[in-house]
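Reviewing the structure listed below.
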């Protein structure tokens, strides 16, 4: 009797797991369809019926997965931002601790690569039908990336150098990220070295760069540099 109950429980768990996977796959199909159609026509120009028709789903079934079109937009943004955060996490995990020059050079190149991808920053996405969606994306990605850097890279900096050289870090990062996106979209020919200098100046990182003169460094910066070089 116990064995029968156990088998029934296992079958129930399997069916539940299978059902959850099916639901997740359907949600992903809707999100993928919404993204593709946004690139083709612009998000404001597509309807729930358009999305449902693209994946062979009824309008009523669509509402089983998403409350409205705006909820789909949020899912599209979340998925794109999660992918960007994953790439930044790889950059952060592979950084050479204390090497500010290389960290800045690598993050600037990564930022340029992300902007050049056929993704949320692509020219097809930045069109009239996606204006509102694009603005929401830039706002959210700026905040999410700022949160990530503040609680990972910045904390590592404090551990190595003792203090942050800039106040209001979170707000400063948001301005830098959103501003860098706008500048690279408008002026893609801007040299990486120029962007690195702007980041270093804004974050007050110049004293920590190897190619900057050190005589005017503060005592704390000089001590931090000395300790790092001795390691």
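Read-outs: derived from the displayed coordinates by stated rules, not from any lab. What you see is a predicted model, and the numbers here were worked out from it, not measured in a lab. Neighbour counts run over all protein chains shown; Cβ positions are idealised from the backbone, glycine included.
Placing pseudo-labels 7 Å out from each Cα toward the beta carbon at residue 140 and residue 90 gives an inter-label distance of 2.2 nm.
Model label sites at residue 159 and residue 210, defined 7 Å from Cα along the beta-carbon direction, differ in position by 2.2 nm.
Compare the peptides 19-26, 135-142, 189-196 by average per-residue count of other Cβ atoms within 10 angstrom and give them in order, highest first. It would help to have the intermediate numbers written out before the result.
Numbers: 19-26: 11.1, 135-142: 16.8, 189-196: 13.2.
Ranked from most to least packed, the peptides come out as 135-142, 189-196, 19-26.
Note on residue 71 and residue 193: with the Förster distance fixed at 35 Å, the Cβ-Cβ geometry gives a FRET efficiency of about 0.25. Building the convex hull from the alpha-carbon atoms of the range 50-171 and averaging its projection over directions returns 9.6 nm². For 79, 206, the sequence from fewest to most other C-beta atoms within 10 Å is 79, 206.
Computed from label points 7 Å out along Cα-Cβ, the spacing between residue 171 and residue 53 is 4.9 nm. Cβ crowding within 10 Å ranks 104, 110 as 110, 104, fewest other Cβ atoms first.
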